[in-house]
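Reading through the structure tokens given below for one structure.
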Amino acid sequence: MKGPAVKPSDTIRREYQAALQAFVRRMNMELMQEISRAYTSREVALPSTEVTRDASPVEWLKGKLSDFFDGWHKKINAMADKRAKWFADQMEKSSSKQIQKMLRDIGFTVEFKNSAYVTGELEKIIEENVALMRSIPERMHKKVEKSITHGLTAGNAQLYIATELQKEFGVTERRARLIARDQTNKANAAISIHRSAEAGIEYGFWLHRSGSKKPRPTHIKMSGYNFKLSEGLHDPDPKVNRKIMPGELVACRCAYRPDLSSFRPQLAQDSVIIRPLKTTYADILGRVANSLKEAA
């Protein structure tokens, strides 16, 4: 019997994405202001009074922007830990609630405690998201330096750099969206699969979720396959060729449906408390109706 799909929270994704995009937009706005201040009204040269005998215009402007990005590294460091911990905490609550509701619907109350394994998974989620957030200004800094070097040597500096920065801003904002979506999918699958296994569910069904412009052909074929939650499902793609979990690969939106026929309460780990609900006639009718709906 297939349980309902365990899907990532769109509310959490949107809030996380909004925070990242707000950071990117503010950084871009201040960066454009910084570069604009570095120029006189003339199109070609940098302020001659600012350039020392030992510094070329390129190195002078790079120095200015190095100071700018040092400040933004401090800002992202201050935000990253707090935001990543919030994200991991919210994903743990959302994923756990889905498993609790699913098991309650078949007659069991479930109380989760943070096992060493789930705690380890949450720490991994926090570390990965901190690293991804810190990479935003780092990547932008490298791109800006390339634009400056090319723009000043080509003689069309300010216009060229402004155009290139707008392009890079678009790329960075799209990357922020990808980070939010990808990490939400990954965290949801990792936490919910481990919660399912802790509760005594041994197997699940792979669920391919559409939405990607370039879906992985192997994941489309894998949809519906039954796999052991402790092992994952083999992806035959030559570039992968190993067992993976739903949402594990970059930009993978796949999820899973717990195989409730493999649910064994006696196999639940010590970190989980499972109790049978007192069954009423209405409960029985509800479960029968749900079973008929699934069968249809």
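The values are calculated or read from the model by the stated rules, or taken from the named source; none is laboratory data. All values derive from a computational prediction rather than experimental measurement. Here Cβ is always computed from backbone atoms with ideal geometry, including for glycine, and neighbour counts include all displayed protein chains. Calculation scope for accessible area: heavy atoms of the full protein, side chains included, ligands and nucleic acids excluded. Shrake-Rupley method; radii C 1.70, N 1.55, O 1.52, S 1.80 Å.
Figures for the structure shown
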read-out: Enumeration of residues in region 229-261 that are more than 14 Å from the chain's Cα centre (by Cα) and open to solvent by 70 Å² or more (accessible area, probe 1.4 Å); value: SER230, GLU231, HIS234, PRO236, PRO238, LYS239, ASN241, ARG242, LYS243, ARG257
read-out: Selection from region 1-55 of residues that are outside any helix (DSSP H, G or I), at pLDDT 80 or above and open to solvent by 90 Å² or more (accessible area, probe 1.4 Å); value: MET1, LYS7
read-out: Output for region 111-139, where each listed residue is farther than 22 Å from ALA197 by Cα and among the basic types (Lys, Arg); value: ARG134, ARG139
read-out: Hey, ALA88 assigned to a helix (DSSP H, G or I) and farther than 17 Å from LYS113 by Cβ or not; value: no
read-out: Strands (runs of 3 or more DSSP E) (entirely within region 195-273) containing at least 1 residues that are under 30 Å from ALA116 (Cα atoms) and touching a residue at least 40 places away in the same chain (Cβ under 8 Å); value: 203-207, 255-258
read-out: Any chance LYS186 is of a type in the set (Lys, Arg), loosely packed, with under 15 Cβ neighbours inside 10 Å and touching a residue at least 12 places away in the same chain (Cβ under 8 Å); value: no
read-out: Any chance LYS124 is over 23 Å from the mean Cα position of the chain (by Cα) and assigned to a helix (DSSP H, G or I); value: no
read-out: GLN166 vs. criteria free of Cβ contacts under 8 Å to residues at least 24 places away in the same chain, in a helix (DSSP H, G or I) and in contact with a helix residue (DSSP H, G or I) (Cβ under 9 Å, 6 or more places away or on another chain); value: yes
read-out: Qualifying residue in region 192-208 (condition: of a type in the set (Asp, Glu) and open to solvent by 10 Å² or more (accessible area, probe 1.4 Å)); value: yes
read-out: LEU103 vs. criteria crowded, with 19+ Cβ neighbours inside 10 Å, assigned to a helix (DSSP H, G or I) and in contact with a helix residue (DSSP H, G or I) (Cβ under 6 Å, 6 or more places away or on another chain); value: no
read-out: Single unsatisfied condition, ASN114 versus (1) of a type outside the set (A, V, I, L, M, F, W, C); (2) out of contact with any helix residue (DSSP H, G or I) (no Cβ under 6 Å at 6 or more places or on another chain); (3) more than 27 Å from GLU15 (Cβ to Cβ); (4) modelled with pLDDT under 90; value: (3)
